[in-house]
Structures are given as C-alpha cells and as structure tokens.
1. Would you check which residues across the stretch 85-100 are free of Cβ contacts under 8 Å to residues at least 60 places away in the same chain, within 30 Å of GLU6 (Cα to Cα) and surrounded by fewer than 18 Cβ atoms within 10 Å (Cβ to Cβ) and list them?
2. Kindly indicate the residue of the stretch 101-134 that is in a loop (DSSP other than H, G, I, E, B) and at pLDDT 85 or above and also surrounded by the fewest Cβ atoms within 10 Å (Cβ to Cβ) among those meeting that condition.
3. Does the stretch 50-57 include one or more residues that are more than 24 Å from LEU83 (Cα to Cα), modelled with pLDDT of 85 or more and either crowded, with 17+ Cβ neighbours inside 10 Å or aromatic (Phe, Trp, Tyr) (or both)?
4. Restricting to the stretch 14-25, count the residues that are under 15 Å from ILE62 (Cα atoms) and either within 28 Å of the chain's Cα centre (by Cα) or part of a helix (DSSP H, G or I) (or both).
5. Step by step: first the residues of the stretch 1-47, then only those that are touching a helix residue (DSSP H, G or I) at 6+ places or on another chain (Cβ under 8 Å) and of a type in the set (Asp, Glu), then the one that is surrounded by the most Cβ atoms within 10 Å (Cβ to Cβ). Which residue is that?
6. Just need a number here: residues in the stretch 159-182 that are under 31 Å from the mean Cα position of the chain (by Cα), assigned to a helix (DSSP H, G or I) and surrounded by fewer than 12 Cβ atoms within 10 Å (Cβ to Cβ).
7. Within the stretch 31-50, how many residues turn out to be within 21 Å of GLN89 (Cα to Cα) and in contact with a Ser or Thr (Cβ under 8 Å, 6 or more places away or on another chain)?
8. Looking at the stretch 96-120, which of its residues are within 20 Å of SER170 (Cα to Cα) and either out of contact with any Asp or Glu (no Cβ under 8 Å at 6 or more places or on another chain) or among the small types (Gly, Ala, Ser) (or both)?
Amino acid sequence: KNRIDEVLSIVRLTNDANRPVKGFSLGMKQRLGIAAAILGNPELLILDEPTNGLDPSGIHEIRDLIKNMPKQYGITVLISSHLLSEIDQIATEVGIITKGNIIYQDSIEKLRNKARPKIAIKVEEMDKAKALLLTKGILFEKQENRLISENANDEIVAKSISILASANISIYRVEEKRKSLEEIFLELTNGGGIGHAGGSAS
C-alpha cells in the first residue's frame, strides 16, 4: 500500500486516483495495469502488445512511459509485439523470433544498419544518364523511372549530379531510400511463416 501513490505518479494517474476505473479510457487502463505490475518494484517488466487497440494519443502516452522507465526508475522493459514500427521507436535492443527460434538479437541500431540506404535519382533521358555515369565509373541501375545505386556515398552523389548537370540532363529528384524495419524483418525471416519481434528498453 505504501507504493500506491508512487506507482500512480510513475504512470501519471495521480489526478485520477479516486475515479472509478470503469470511467477510464483504454490508455488509462493500460497505464493502470503497468502500475499494478510495478507495485513489487521489479527489475524486469514484461509487456505483451502494450499499445494494442489504443488510439494515437494513448499509443504516444504508453510509448513515452516505457521509454522513460529504464532511465528514471532503473526498470528494464521487455516488450513482445508484432507492431514493428512501435518496437523501432521504443527499443534499444531487439530480438526476432521465427518458428520458435531466435534468429537475430542485437541493438536496434545494428538492425537498422542492415538496411543500407539506396540513392534514387529521377532524371530526364535515363538511358543516356546511366551510360554517361558509367563512362565515369559510376554504376546506377534502372528501376522503374529512376536510377538506383546501393553503394553511393555523399561524394559519389555530388559527383553524379555534377556530371549530369554538365551534360544538360535535367535532374528532377534525388532521394535516399532506406528499408523499414518490416522489410528487414521479412528478409531475415525469408518472408515466410509467422514471425515475432521483441524489444527491450534498457
């Protein structure tokens, strides 16, 4: 009982302490559930789909709460979720399970780095532009209505633009395309079967 006020403060329900729970929103009920789980002052808190069914405001509240708990209260939070976009925004470490086996476990940053960004250039006269760049030792591939490079760094991009502009080839757009966590997940699991992602904030 002596921790009730403390945990209500942690989940930001102090002002609603005397309200009937039946009047709580789903997001408030989720936070109340977390408050009950941390009454015993655990070192590890395990949450299954903590943002499931919440509206954007509720998702934002739960996300902020989870991200702050390790820093402010020293609690490691383990999240089990299929919502990879949420894992991407919350977790510091991530594990991917498929068909009952852990196939990846490392920092979220290293997982993101598995997706090398592609450079896409939309130009006039694509065939002419591709051939011209190739004569300068710069390889781009045609994909739909763009020239794509998987290995272009800033220096190569700048050089490519300069070459194309000098040849009076119109450049309509230059953009970086990076794979989403979902795309990386599908590649790691070969796109098949049922996968599951878990993340921990610590």
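The values are calculated or read from the model by the stated rules, or taken from the named source; none is laboratory data. Since the structure is predicted, the reported quantities are computational estimates derived from the model, not experimental observations. Neighbour counts run over all protein chains shown; Cβ positions are idealised from the backbone, glycine included.
1. GLN89
2. Across the stretch 101-134, the extreme among qualifying residues is GLU124.
3. No; the residues of the stretch 50-57 include none that is more than 24 Å from LEU83 (Cα to Cα), modelled with pLDDT of 85 or more and either crowded, with 17+ Cβ neighbours inside 10 Å or aromatic (Phe, Trp, Tyr) (or both).
4. Count: 1.
5. ASP16
6. 0
7. Summing the residues that are within 21 Å of GLN89 (Cα to Cα) and in contact with a Ser or Thr (Cβ under 8 Å, 6 or more places away or on another chain) in the stretch 31-50 gives 7.
8. Scanning the stretch 96-120 gives a single hit, ALA120.
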